[in-house]
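A short write-up of the structure that comes next.
The values are calculated or read from the model by the stated rules, or taken from the named source; none is laboratory data. What you see is a predicted model; the values in this text were computed from it and never measured. Glycine gets a Cβ as well: all are built from the backbone with ideal geometry, and neighbour counts include every protein chain shown. Just the protein is used for accessible areas: all its heavy atoms, side chains included, with ligands, DNA and RNA removed. Shrake-Rupley method; radii C 1.70, N 1.55, O 1.52, S 1.80 Å.
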Amino acid sequence: MPSPVGDLNLLRAFLAVADARSFTAAAERLHIARPQVSLQIRRLENVLGAALFHRTTRTVTLTDAGQRLFEESAPLMQGLEQVLQHAGSRGSGLRGRLRVSAPVEYAVQVMSPVVAEFAVRHPEVSLELVVSDKVQDLVGEGIDVSIRVGWLRNSSARVAKLGEFGQAVLASPEYLARCPRPEAPEDLAHHRWIALTLLPAPLTWPFTNGTKDITVRMAPKLRTDSAVALRALLLNGAGVSVGSLLHLESDIRSGALVRLLPEWTLPKGGVYAVYPPGTAIAPAARAFVELLKGEMLRRA
């Protein structure tokens with residue numbers, strides 16, 4: 001039976017607008033003119049007999065019918081594109097589109113050489129690196145693989161653990177010149193704590209020293225949702241916090257940051273490749289993750 005839509009480009013245009021919440025941004029993503037996107041949406045609405053968007057001069061939001069269509073069609077379209085990409089990858093190498101997301105600091109410090117090397121190895125793949133400390137909706141935003149650092153919240157997505165990293169309590173020499181150096185984990189509750197709100201429990205930290213275990217509840221004086229901003233605040237003497245040794249080891253070696261309570265250990269964080277649920281993993285995504293694993297081994 002023929003599709004009532006007939007042209008999958010109409011559905012692609014709808015998904016792009018629904019994801020971006022903007023006709024202009026959707027046109028840029030699809031590499032077509034904005035009026036063409038508007039025409040395709042009108043054609044799709046006429047075929048379906050329902051309005052898919054509420055439009056104002058400033059906002060574009062989904063109607064109830066549009067929301068249902070988005071939730072049901074986005075995973076199917078992603079699966080179809082991955083099937084086509086897989087079919088096209090046989091014989092002459094990978095090709096097609098690959099969308100990878102990662103936190104800001106990890107993307108800059110670890111993934112940049114991987115992205116550059118991948119682009120050289122697979123010139124027929126159009127790779128987009130989405131850099132954000134926020135957790136993305138993989139299906140809604142068309143992410144093929146998301147690299148996440150730290151701890152994962154419960155999710156229906158498929159996860160592969162790529163590695164681990166240590167953590168430490170850190171402060172700058174300038175801060176320690178003003179404030180007494182903590183002698184035990186309990187002392188940290190009285191310091192100017194900087195909370196990284198991206199973490200599941202940014203104020204509660206379990207410490208271990210041999211057979212001793214203690215959990216300290218911090219009283220934050222500053223909060224940030226960015227690991228990059230946390231590093232800058234620490235370097236400028238704003239307070240004390242837990243930082244990733246994956247990203248801050250060079251600052252410790254240079255003396256810009258001081259590791260406190262080195263005899264106490266904190267839980268290790270993880271680096272994960274997260275794939276969207278319910279679809280085949282794109283060959284290009286698999287190849288990218290394998291290349292990233294090699295870079296992580298080289299740095300270990």
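Computed quantities for the displayed model
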{"quantity": "Qualifying positions in segment 77-98 - at pLDDT 80 or above and either of a type in the set (A, V, I, L, M, F, W, C) or surrounded by fewer than 15 Cβ atoms within 10 Å (Cβ to Cβ) (or both)", "calculated": "94, 98"}
{"quantity": "Yes/no for residue 150 being in contact with a helix residue (DSSP H, G or I) (Cβ under 6 Å, 6 or more places away or on another chain) and of a type in the set (Gly, Ala, Ser)", "calculated": "no"}
{"quantity": "Answer residue from segment 203-244, given it is over 17 Å from residue 192 (Cβ atoms) and assigned to a helix (DSSP H, G or I) and is least open to solvent (accessible area, probe 1.4 Å) among those", "calculated": "227"}
{"quantity": "Residue within segment 165-187 that is of a type in the set (Val, Ile, Thr) and open to solvent by 50 Å² or more (accessible area, probe 1.4 Å) present", "calculated": "no"}
{"quantity": "All positions within segment 268-278 that are in a loop (DSSP other than H, G, I, E, B), open to solvent by 10 Å² or more (accessible area, probe 1.4 Å) and on the phi < 0 side of the Ramachandran plot", "calculated": "268, 277"}
{"quantity": "Residues within segment 59-76 that are open to solvent by 70 Å² or more (accessible area, probe 1.4 Å) and small (Gly, Ala, Ser), tallied", "calculated": "0"}
{"quantity": "Within segment 245-267, tally of residues that are part of a loop (DSSP other than H, G, I, E, B) and open to solvent by less than 70 Å² (accessible area, probe 1.4 Å)", "calculated": "7"}
{"quantity": "Filter pass, residue 63 being within 31 Å of the chain's Cα centre (by Cα), polar (S, T, N, Q) and at pLDDT below 90", "calculated": "no"}
{"quantity": "Residues of segment 174-194 classified as part of a strand (DSSP E or B) and touching a helix residue (DSSP H, G or I) at 6+ places or on another chain (Cβ under 9 Å), total", "calculated": "1"}
{"quantity": "Segment 160-180 residues that are of a type in the set (Phe, Trp, Tyr), paired with ones that are open to solvent by 20 Å² or more (accessible area, probe 1.4 Å) and at pLDDT 95 or above (beta carbon under 8 Å, 6 or more apart)", "calculated": "175/192; 175/238"}
{"quantity": "Residue identified as more than 17 Å from residue 243 (Cα to Cα) and loosely packed, with under 14 Cβ neighbours inside 10 Å among 158, 121", "calculated": "121"}
{"quantity": "All positions within segment 117-141 that are in a loop (DSSP other than H, G, I, E, B) and not hydrophobic (A, V, I, L, M, F, W, C)", "calculated": "122, 123, 124, 132, 133, 134, 136, 137, 140, 141"}
{"quantity": "Selection count where residues are open to solvent by less than 90 Å² (accessible area, probe 1.4 Å), of a type outside the set (Phe, Trp, Tyr) and under 17 Å from residue 140 (Cβ atoms), scope segment 23-58", "calculated": "4"}
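The rows are residues; the columns are (1) more than 24 Å from residue 108 (Cα to Cα); (2) modelled with pLDDT of 90 or more.
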site	(1), (2)
207	yes, yes
211	yes, yes
221	yes, no
241	no, yes
260	yes, yes
263	yes, yes
272	no, yes
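Quick grid of which residues meet (1) part of a loop (DSSP other than H, G, I, E, B); (2) on the phi > 0 side of the Ramachandran plot; (3) in contact with an Asp or Glu (Cβ under 9 Å, 6 or more places away or on another chain); (4) free of Cβ contacts under 8 Å to residues at least 24 places away in the same chain:
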residue	(1), (2), (3), (4)
29	no, no, yes, yes
37	no, no, no, no
40	no, no, yes, no
43	no, no, yes, no
51	yes, no, yes, yes
54	no, no, no, yes
69	no, no, no, no
73	no, no, no, no
